[in-house]
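Heads up: the structure comes next, in structure tokens.
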Amino acid sequence: MSFTIKGDGGPHLVREEPAFDAETQQSFVALTYQGTEFAIKGLAPTLQSQGVSYSIRMENGIWELTTRIPTGDPQGEEDTNLDRWEIATESHEISIFQQHDVVLAARTYDFNLAEGDDTFRRLCERGANEDVEITTDPTTEAIFELVVQSLRDGVTSYETDYVVMRRFRRLSQDFAIGASGKFDLDTSLLLYTTAQLGVPNNVAFVLPAAPADFGDGMYKWRWKRRSQRVEIVGGYVEQTVEFLFAPWSTLFYSDSGNAFAW
């Protein structure tokens, strides 16, 4: 069986279906073109250069191309409707010596050390294998006994959950090149409060309140930017920024004096 297409061989637009994606909050139009193999495959490079996905099939001798074209294209401006947020807990194994009360007990005991004295941690580790006693305040002594017993039982760490927040943003490549597409290394050692992140209200309501600082202020519950990722898809840039909410040491990290610039 053979087919003859008379007149213009296409591509011809045969179907146009406006639609809306509730997840991304983006409107688009689904288009279907039909024509000869040459006409349909000739349309593909134009769509590829615009970063538009498509599929091609041939049925009953007719070549067909289907694609989805976003409406309300950013055209060089950021489209904030395409922001997507992901918030989850992440389990971490923590040394028993990083537990809040143990940190404070160690600092309290070590504050009065004389030259040659063992530190709180060293005494705990010795106590796992031999009888060791310390003389200090009742609270510190009680924590010492709990740590020593834990070490004797083979417990050296415990598991806790921290909060991970990721923001995914899709930008036109022109906007990303001119504004916010660069990797940011300047903020890797800075800590942020929830307010400084400027998270939208419809996202912020699920975030936890910050627990109290501990270790005489040496550890603070803050957000720290942990990773960045950029994927370039056609004419668009998909940007991912990740933050971790955890107790961070003020010895290595410092509070930011400014809001985070997404």
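Values quoted throughout were computed directly from the atomic coordinates according to the rules given, and no laboratory measurement underlies them. Everything numeric in this text was worked out from a predicted model, so none of it was measured. Cβ: placed from backbone, ideal geometry, glycine included. Neighbour counts: every protein chain shown.
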*What FRET efficiency do you get for TYR158 and THR240 if R0 is 22 Å and r is their Cβ-Cβ distance, rounded to the nearest 0.05?*
0.15
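Considering only the other residues whose Cβ falls under 11 Å of the Cβ of MET58, what net charge follows from Lys and Arg at +1 and Asp and Glu at -1?
Result for the neighbourhood of MET58: -1.
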*May I ask you to compute the full-extension gain from ILE69 to SER55, defined as 0.36 nm times their residue separation minus their alpha-carbon distance, rounded to one decimal in nm?*
3.8 nm
*In the set (1) 1.18; (2) 1.25; (3) 0.95, which value of Rg/Rh (Cα atoms, Kirkwood Rh) was calculated from the structure you see?*
(2)
*Quote the charge dipole size of the chain about the Cα centre in Debye, to the nearest 20; the model charges only the Cβ of Lys and Arg (+1) and of Asp and Glu (-1).*
1240
*Name the residues whose placed amide hydrogens come within less than 5 Å of the amide hydrogen of GLN26, ignoring near sequence neighbours (fewer than 5 apart) on the same chain.*
ASP21
*Once the Cβ-Cβ distance between GLU231 and GLU37 is put in as r, and R0 is 30 Å, what FRET efficiency do you end up with, to the nearest 0.05?*
0.40
*List the residues of the range 226-262 whose backbone N lies under 20 Å from a point placed 7 Å from the Cα of ALA209 along the Cα-to-Cβ direction.*
245-248
*About its Cα centre, how strong a charge dipole does the range 102-211 have in debye, to the nearest 20, once Lys and Arg get +1 and Asp and Glu get -1 at the Cβ?*
1100
*Given the peptides 218-230, 249-261, 184-196, arrange them by the average over their residues of other C-beta atoms within 10 Å, most packed first.*
218-230, 184-196, 249-261
